[in-house]
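S.K.: Below is one structure. I have some questions about it.
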Amino acid sequence: MIGNRAYPLNTKPTQKGAVLYWMDRDMRINHNWALIHAQEIATAQNQPLIIAYNLVSNFLNGSARQWIFKIKALQEIEEACGKKNIPFYCIHDTTGENSPQLLIEFIRTHKIGTVVTDFSPLRIQRNWKKNVAEAIECPLIEVDAHNIVPARIVSEKQEYGAYTIRSKLYKLLPNYLDSFPDIKTQSTTHTPPAIDWSALLSHADIPKDTTEVTWAQPGSRHAESILEDFIRTRLARYATERNDPLAEAQSDLSPYLHYGMIGAQHIALSIMEATETPIEKLIDKHKNKASVEENATLSLSDNAGAFLEELIVRKELADNFCLYNDNYDTTLGFPAWAQKSHAVHRKDAREYIYAREEFEKGLTHDPLWNACQQEMVTTGKMHGYMRMYWAKKILEWTATPEDALATAIYLNDKYELDGRDPNGYAGIAWSIGGVHDRAWFTRPIFGQIRYMARSGCDKKFDTNAYIKKYLAPSLF
Ligand SMILES: Cc1cc2nc3c(=O)[nH]c(=O)nc-3n(C[C@H](O)[C@H](O)[C@H](O)COP(=O)(O)OP(=O)(O)OC[C@H]3O[C@@H](n4cnc5c(N)ncnc54)[C@H](O)[C@@H]3O)c2cc1C
């Protein structure tokens, strides 16, 4: 049931005409509440359903790696739509990021009666939706197809941290973990114009300075097989080994979650089924997190509880941060104690200061940092534990926190396949600005921001093996 997942973005009256699902953040046909709602409305009004993706060339400075991943997944969506007789359009907007003018024209020329779209807390997508809601003559309805508990429902304000959002989520989760109805095949349809995928793939405006990744193939089908493989081979050691960058214990689902090629709710339901454990028991497992992590003999459901903490609590916390803090990508978004602490320490002597280009090329004095950077540049996915070390060292080796934040966001958004995501803005703001963290004891440069030492990594895992894995021998 769609329940209260739908959120009207204007009060325009329904028009007579087709129902459009404006696919944006959630690029999938199955398990997608926004598409389900669009089809419900189309059926109730006896109108056809159509889907359009508004493809913006210069979206948040992405590069070829992310572009190719996205275009190939859109091809899969076109194919899936064909099987359901749902016309699929890809509107290529090269005019700029801010106003989806071509989409607005599309809505007018196709005489659309209702538009349904999915939810993103990022400023640019919220602005698009605001502009479209004002410009069109029909309703624009947003459905949060990304989060299990819709971000606007779990909280109406910015949460302080995992400890404040967790109890709200736990209370609401059982109401939202219902199974998904199938998308029905439409009886009649028209054929939309063919999409020139090869022209899109080689589009000239896209910066070509990143390589296509090979370990992650785009699309929902591949997302599904990565999920199955994770449940079968890695879930059982997730809680104890996920922080070891050599253990390969993480799910690797973040690129797919980022593009909505797979949904968090479907993942959570699959984990519940695989572990034969209801959600109440799984989240209960996580109530005493410390004891779960220290315990060497964990059950499958203990591991599942630890995984759902990341997939649900941490991920929804990141969406909450971006939704309610307009400065999620500047130092003004840091908590007051962190801004004050940075002000006190901004002139502290730095032993090393690197230019952005030196960071980008992995030319610091620290082979471990250079290896993290290289992991990201070559694979498009830095290990989660190393992302914290990587961002904190950028703070330590940059002239100001403002420069550090801008450099970390620039590199993250350019190279990470899962970049340009609320999780990225929240993770970087946690590392550099204490967001969702607490004040620690004071030390140079960091002030009260939590510090991470190279020696801590050396104790935790085989840093030399990690360096060897990602750096050419000449670089260490
Ligand atoms: C500096 C920094 C930058 C980051 N940049 C990004 C980014 O650009 N995109 C991104 O998706 N994540 C980012 N993260 C969060 C986290 O590191 C990644 O989500 C995770 O490593 C992705 O790998 P996985 O899917 O194998 O994770 P798993 O451990 O298998 O977790 C499953 C899912 O849970 C969610 N998750 C896990 N850890 C976190 C977290 N700390 N915060 C929020 N959600 C989480 C993700 O959706 C992830 O895919 C960043 C963290 C830091 C500290």
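The values are calculated or read from the model by the stated rules, or taken from the named source; none is laboratory data. Not measured: the values here are computed from a predicted model. Counting neighbours? That spans all protein chains shown, and the Cβs are built from the backbone with ideal geometry, glycine included.
S.K.: In region 252-269, which residues are of a type in the set (A, V, I, L, M), free of Cβ contacts under 8 Å to residues at least 60 places away in the same chain and surrounded by 24 or more Cβ atoms within 10 Å (Cβ to Cβ)?
M.R.: If the condition is that a residue be of a type in the set (A, V, I, L, M), free of Cβ contacts under 8 Å to residues at least 60 places away in the same chain and surrounded by 24 or more Cβ atoms within 10 Å (Cβ to Cβ), then Ile267 is the only one that fits.
S.K.: Here are some residues: Leu103, Leu49, Leu55. Which one is under 22 Å from Arg126 (Cβ atoms) and at pLDDT 95 or above?
M.R.: Numbers: Leu49 fails: under 22 Å from Arg126 (Cβ atoms); Leu55 fails: at pLDDT 95 or above.
Being under 22 Å from Arg126 (Cβ atoms) and at pLDDT 95 or above holds for just one of Leu103, Leu49, Leu55, which is Leu103.
S.K.: Only one residue in Ala194, Ala199 is outside any helix (DSSP H, G or I), out of contact with any Gly (no Cβ under 9 Å at 6 or more places or on another chain), more than 11 Å from the ligand (Cβ to nearest atom) and among the small types (Gly, Ala, Ser), so which one is that? Explain how you work it out, then say what you get.
M.R.: Numbers: Ala199 fails: outside any helix (DSSP H, G or I).
After applying the criteria, what remains is Ala194.
S.K.: Within region 229-261, how many residues turn out to be in contact with a Ser or Thr (Cβ under 6 Å, 6 or more places away or on another chain) and of a type in the set (A, V, I, L, M)? Spell out the reasoning first.
M.R.: First, the residues of region 229-261 that are in contact with a Ser or Thr (Cβ under 6 Å, 6 or more places away or on another chain): 230, 261.
Going one step further and asking which of them are of a type in the set (A, V, I, L, M), we end up with 261.
The qualifying residues number 1.
S.K.: Under the condition of being crowded, with 18+ Cβ neighbours inside 10 Å and aromatic (Phe, Trp, Tyr), which residue from region 418-453 is farthest from the ligand (Cβ to nearest atom)?
M.R.: For region 418-453, the residue satisfying everything is Phe446.
S.K.: Out of the helices (runs of 4 or more DSSP H) lying entirely within region 64-159, which hold 1 or more residues that are under 19 Å from Ser198 (Cα atoms) and among the acidic types (Asp, Glu)?
M.R.: Values: elements: 64-83, 101-109, 123-135, 151-154.
Fully inside region 64-159 and qualifying: 64-83.
S.K.: When residues of region 424-462 are filtered for being closer than 19 Å to Phe359 by Cα and assigned to a helix (DSSP H, G or I), how many remain?
M.R.: Number satisfying all stated conditions: 8.
Let's see how each residue does on (1) near the ligand (Cβ under 9 Å from one of its atoms); (2) under 21 Å from the mean Cα position of the chain (by Cα); (3) over 23 Å from Arg25 (Cα atoms):
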{"position": "His222", "(1), (2), (3)": "no, yes, no"}
{"position": "Phe230", "(1), (2), (3)": "yes, yes, yes"}
{"position": "Thr240", "(1), (2), (3)": "no, no, yes"}
{"position": "Leu246", "(1), (2), (3)": "no, no, yes"}
{"position": "Ser254", "(1), (2), (3)": "yes, yes, no"}
{"position": "Tyr259", "(1), (2), (3)": "no, yes, no"}
{"position": "Gly263", "(1), (2), (3)": "no, yes, no"}
{"position": "Leu269", "(1), (2), (3)": "no, yes, no"}
{"position": "Thr275", "(1), (2), (3)": "no, no, yes"}
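S.K.: Only residues that are assigned to a strand (DSSP E or B), in contact (Cβ under 8 Å) with a residue 60 or more places away in the chain and of a type outside the set (Ser, Thr, Tyr): list them for region 2-61, please.
M.R.: Ala6, Pro8, Val19, Leu20, Trp22, Met23, Leu49, Ile50, Asn54, Leu55
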